[in-house]
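For reference, the structure discussed in these notes is given below.
Just so it is clear, none of the values below were taken in a lab; they were calculated from the coordinates. All figures in this text were calculated on a predicted structure; none of them were measured in a lab.
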Amino acid sequence: MYLLQALIAWLLAQLLKIGIEAFKYKRINWRRIAGSGGMPSTHASITVALTTALWRDFGIHDPLVAISFVFTLIVLYDAAGVRRAAGKQAAVLNKIVDELMQHKHVTDKRLKELLGHTPLQVFAGILLGFLVGYYPFFL
């Protein structure tokens with residue numbers, strides 16, 4: 001059941017990304033189903049759903065809940081911190097590549113910029129994960 005709740009949180013987050021992007025850009029990009037970055041954070045949704053479901057069933061003092069909670073904090077930090085910084089660096093490097101291509105024949109491939117999450121995207125993922133983990137209405 002716990003794995004299923006995490007997978008449901010993943011699926012809902014990815015479908016929401018497709019919907020939000022379709023609304024924003026007036027087109028559906030099905031490649032987003034497996035893509036990283038964007039609103040809401042799938043990383044946050046999955047880990048918070050798992051931690052919440054374990055907490056709901058076993059209580060805050062259970063060792064599994066503690067392990068899952070620490071794991072969730074690490075993932076959230078990575079999603080909003082390290083991966084976000086890498087995305088910003090990719091944006092700068094892509095700008096440099098674009099400028100070089102205007103002056104020279106550079107055939108370098110653009111880097112993926114949508115790696116991390118804004119704090120709002122992480123919060124939305126936390127909220128989605130909590131709802132899926134606490135209310136097993138999908139099971």
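Report, in degrees rounded to the nearest 10, the 0 to 90 angle that the Cα long axis of helix 119-134 makes with the longest principal axis of the chain.
30
Let me confirm the definition first: pairs of Lys residues in the chain, 8 or more apart or on different chains, C-alpha distance under 18 Å. How many are there? Could the numbers behind the result be given before it?
Numbers: 17/26; 17/112; 88/109; 88/112; 95/104; 95/109; 95/112.
The result is 7.
With everything on Cα atoms, drop me the angle between helix 42-58 and the longest principal axis of the chain, reported from 0 to 90° to the nearest 10.
10
Kindly provide the helix-only [θ] at 222 nm of the chain, computed as the sum of -39,500 (n - 2.57) over DSSP H runs of four or more divided by all residues, to the nearest 500 deg cm²/dmol? Show your work: numbers first, answer last.
On the way: 5 runs with 93 residues, N = 139.
Result for the chain, helices only: -23000 deg cm²/dmol.
Please work out which option in (1) 9.5; (2) 10.2; (3) 8.4 gives mean projected area of the Cα convex hull in nm² calculated from these coordinates, and answer with its label.
Answer by label: (1).
Apply the Karplus parameterisation 6.51 cos²θ - 1.76 cosθ + 1.60, with θ equal to phi minus 60°, to every residue of the stretch 6-19 and state each ³J(HN,Hα) to the nearest whole Hz, in sequence, with x for glycine and proline.
5, 5, 5, 4, 4, 4, 4, 5, 5, 5, 4, 4, 4, x
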